[in-house]
1. Give the lysines reachable from B:Lys49 as a straight Cα distance under 20 Å; neighbours fewer than 8 places away on the same chain don't count.
2. Quick one: longest stretch of chain A between exposed loop GluC sites (Glu not before Pro), exposed meaning at most 11 other C-beta atoms within 10 Å and loop per DSSP?
3. Averaged over peptide A:30-42, how many Cβ atoms belonging to another chain are found within 10 Å of each residue's Cβ?
4. Rule-of-thumb check for the stretch A:1-102: C-alpha Rg over 2.2 N^0.38 Å?
5. Using a 1.4 angstrom probe with every protein chain in place, what is the largest-first accessible-area order of B:Thr108, B:Thr55, A:Thr99?
6. HN-Hα J couplings of the stretch A:3-10 from phi, Karplus 6.51/-1.76/1.60, θ = phi - 60°, integer Hz, Gly and Pro as x?
7. Quote the FRET efficiency, to the nearest 0.05, computed for B:Ile9 versus A:Glu71 with a Förster distance R0 of 35 Å and r equal to the Cβ-Cβ distance.
8. Around A:Thr82, what is the net charge, scoring Lys/Arg as +1 and Asp/Glu as -1 over all other residues with Cβ under 15 Å from its Cβ?
Amino acid sequence: GAGVSQTPSNKVTEKGKYVELRCDPISGHTALYWYRQSLGQGPEFLIYFQGTGAADDSGLPNDRFFAVRPEGSVSTLKIQRTERGDSAVYLCASSLYNTDTQYFGPGTRLTVL
Amino acid sequence: AQSVTQPDIHITVSEGASLELRCNYSYGATPYLFWYVQSPGQGLQLLLKYFSGDTLVQGIKGFEAEFKRSQSSFNLRKPSVHWSDAAEYFCAVGATNNFNKFYFGSGTKLNVKP
């Protein structure tokens, strides 16, 4: 079946702009996760959704970052007033339950000029 | 807090040679342990996982890993490497009391010589 998809695959923006990154999880998966992967590093946890609610947002670096999942399926990660340090690959993962294996999408590469 | 260390940033092996990638974790209880592989332009693909039971786990593509509690390690092995195994490998730990939050190591990049 279809895996986790993320759009866009690449996003280039200017410092100070607003961006939205989209994640379509595997159908039926109730849990959804966002990670950020900086160059040369492993993925870093940002936020976890169980259904529509953010169950753990302790990894969001500051209040410029926000994520929603209004219908318990698709999720959008929103970044306000982007900074050059936000440049990274943003990964989304989903799992059937919150104690199940996470399946990752291909990521969105965000470049802030 | 949980943490994962992958001490080798780059490893080069010859095709057909054996491979061992090291992973050490820091966690007080028995963790959930994972190995993922990431090829250029691809998402992270699960190779294998350890939750409990037999400490030697088999995964896809001929990989295996062994959980050693006394050494806080979960090393990945393959008896004979293929050129298609060239990729970056990540070890991850999920806390038993907070499974949804994975902690990843910084990765080991594997090069395979013909």
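1. Straight-distance partners of B:Lys49: B:Lys61, B:Lys68, B:Lys78, B:Lys101, B:Lys109.
2. Values: sites that count: A:Glu14, A:Glu71.
No qualifying site falls inside A:15-70, the longest such stretch.
3. Working: counts 0, 2, 1, 3, 0, 4, 0, 5, 1, 0, 5, 5, 15.
Mean shielding count: 3.
4. Working: Rg = 13.1 Å, N = 102, 2.2 N^0.38 = 12.8 Å.
Ratio of Rg to 2.2 N^0.38 Å for the stretch A:1-102: 1.03.
5. Values: B:Thr108 0, B:Thr55 50, A:Thr99 85 Å².
Output order, biggest surface exposure first: A:Thr99, B:Thr55, B:Thr108.
6. x, 6, 10, 9, 9, x, 6, 9
7. On the way: r = 41 Å, r/R0 = 1.19.
The calculated FRET efficiency here is 0.25.
8. Numbers: positive: A:Lys11, A:Lys15, A:Lys17, A:Arg36, A:Arg64, A:Lys78, A:Arg81, A:Arg84, A:Arg109; negative: A:Glu14, A:Glu20, A:Asp63, A:Glu83, A:Asp86.
Around A:Thr82, the charge tally is +4.
The values are calculated or read from the model by the stated rules, or taken from the named source; none is laboratory data. Here the structure is a predicted model, which means the values were calculated and not measured. Here Cβ is always computed from backbone atoms with ideal geometry, including for glycine, and neighbour counts include all displayed protein chains. Accessible surface areas use protein heavy atoms only, side chains included; no ligands, DNA or RNA. Shrake-Rupley method; radii C 1.70, N 1.55, O 1.52, S 1.80 Å.
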